[in-house]
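Below is one structure, written out as structure tokens; comments come after it.
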Amino acid sequence: MSAQEKVIVFDTTLRDGEQAAGTRLGVREKLELATQLARLGVDVIEAGFPISSPQDFEAVKLISQEITTATICALSRAVEKDIDSAGTALKKAKKSRIHTGLGISDIHIASKFKDDKYGKTLEAKKEKAIDMGIKAVKRAKQYTDDVEFYCEDSGRADKDYLYRVVEAVIDAGATTVNIPDTTGYAIPQQFGQLIANIIANVPNAKKAIISVHCHDDLGMSVANTLAGVAAGARQIECTINGIGERAGNASLEEAVMAIKTRRDFFGLDTRINAKELYRTSRMVAEMLAMSVPPNKAIVGANAFAHSSGIHVDGFLKNPLTYEIIRPEDVGSPKSAVVLTARTGRHGLKHRLTELGYEVSDVELETIYQRFLHIADKKTEVFDEDVAALVNDEIRTIEHIFELEYLHVACGTGTLPTASVKIKIKGKSEPQTAAACGDGPIDAAYEAIRIATGLSPKLDNYSIKAVTGGKEALGEATVKILDEKGVRFTGRGISTDIIEASAKAYVDAINRMTATNKK
Ligand code: MN
């Protein structure tokens, strides 16, 4: 990929992202996240704002020592002590960058440089700001060749003044100039035009990379970022899951996948290993306790879920009918057909086959009618529900074993012991058995195995509350494997979870026996 075709990905999850999240990350956690960002293939990791806190300083220092594949960047204002702090924190980095700058709109200059020492008139203050920018770049250059300058609030700045600032900082040695839409006010066409104008009107613009840093206050951060890229920007500043100040920053996964998926339009590329996107997104969501909305593009839980009958039918015939990205391309779990009332017979049949059920057309129709009934009440129908439907409706099984009596003794310092009485079809006397185990359920299962004379392998066991409150019902689900490795699922419901568990086990054994008898 030539330099002209490459878009540099600058990740600011650890700086702009973390500063806005409700949770602060520890130094070690920041390193862990930086390691994942490097694995994802981001070109620049903005690791923090060293002057802002000792912890930020430490994090930048540690990440600089440990991460060698990406450029490590530290933020600073155009103030000597900030730049020195950033330079010191970055000292050990293999590739380092200082990101410095100042506000350049009239409103920023007038409000931030109120003091007469910056000049008496707005015009004088604006000249002083250019001067400060040049000095900051030169100071940063003492620490690293790679210096980025941000022109805060560029979108509202006087155009000719903006061009003069960009020219001056590039002359002073800035290798990247960041044009942020700090307040998330821009509109894509207008923002793209701003970037195009800078490139056309600043004589030395080609000597530096123009970067875009967009915020999502109007939900247009990614659109603005892409408009900037289309106009000639070659660095995008983004965060994982779009976290950041207020409504957040441009989402890295969305911007990167737009460039990748629409290569026909942009003709550009990034170094991102897209297969790491999903994993990185999960890590950020968990670490910062900011969950990803299910409908979020690229990484949301529903990003590859299909539910309407027409979509499901088309998707099953050929995924490309309704998917422009394959989930595996971004490391996301396989596409899912979510079963809802609108799924249709084809979708239901497909799921039944996946679950191992072969049903006739007549059976399918019966199951489908029952399915619709459940789907209307439940919004989403899970695999367990489908399995239960088939088992109840179509495969009514003969109950050979019936749990007649169960007694369990357990407690601190006692050996859990269970005794059971199991009624066996065709025999007049129930079978009794007693056993010990690691816990009450283990003991009960052992006693059931002795009483039935069957010992299927326990594959999976789970228990959940069906209803809330003190009278809550527990529903146990047990999966067992027969000697051929075929799986059978049993269910049991009771207000006593040990009884529910024992019933589920006996139910599974009944299903296994009934099937293997045929
Ligand atoms: Mn920002």
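The values are calculated or read from the model by the stated rules, or taken from the named source; none is laboratory data. Since this is a predicted model, take the numbers as computed values, not measurements. Note: ideal-geometry Cβ built from the backbone for every residue, glycine included; neighbour counts use all protein chains shown. For the accessible areas, the whole protein counts, side chains as well, though only heavy atoms, and no ligand, DNA or RNA atoms are used. Shrake-Rupley method; radii C 1.70, N 1.55, O 1.52, S 1.80 Å.
List of remarks:
- Among the helices (runs of 4 or more DSSP H) confined to region 250-355, the ones with at least 1 residues that are open to solvent by less than 30 Å² (accessible area, probe 1.4 Å) are located at 252-261, 277-287, 309-317, 344-354.
- Check on residue 255, within 16 Å of the ligand (Cβ to nearest atom), assigned by TED's automatic domain parsing to the domain that holds residue 46 and over 24 Å from residue 19 (Cα atoms): no
- Single condition residue 488 does not satisfy, out of (1) more than 24 Å from residue 407 (Cβ to Cβ); (2) open to solvent by 60 Å² or more (accessible area, probe 1.4 Å); (3) modelled with pLDDT of 80 or more: (2)
- Check on residue 155, open to solvent by less than 50 Å² (accessible area, probe 1.4 Å), over 22 Å from residue 240 (Cα atoms) and among the small types (Gly, Ala, Ser): yes
- Region 4-40, subset within 16 Å of the ligand (Cβ to nearest atom), more than 27 Å from residue 230 (Cα to Cα) and over 17 Å from the mean Cα position of the chain (by Cα), residue most open to solvent (accessible area, probe 1.4 Å): 19
- Among (1) under 20 Å from residue 333 (Cβ atoms); (2) among the polar types (S, T, N, Q); (3) at pLDDT below 95, the one test that residue 273 misses: (3)
- Residue within region 151-161 that is aliphatic (A, V, I, L, M), farther than 24 Å from residue 85 by Cα and touching a helix residue (DSSP H, G or I) at 6+ places or on another chain (Cβ under 8 Å) present: yes
- Of the strands (runs of 3 or more DSSP E) lying entirely inside region 1-103, those containing at least 3 residues that are closer than 24 Å to residue 134 by Cα and in the same structural domain as residue 210 (by TED's automatic domain parsing) span 44-48, 71-75, 96-103.
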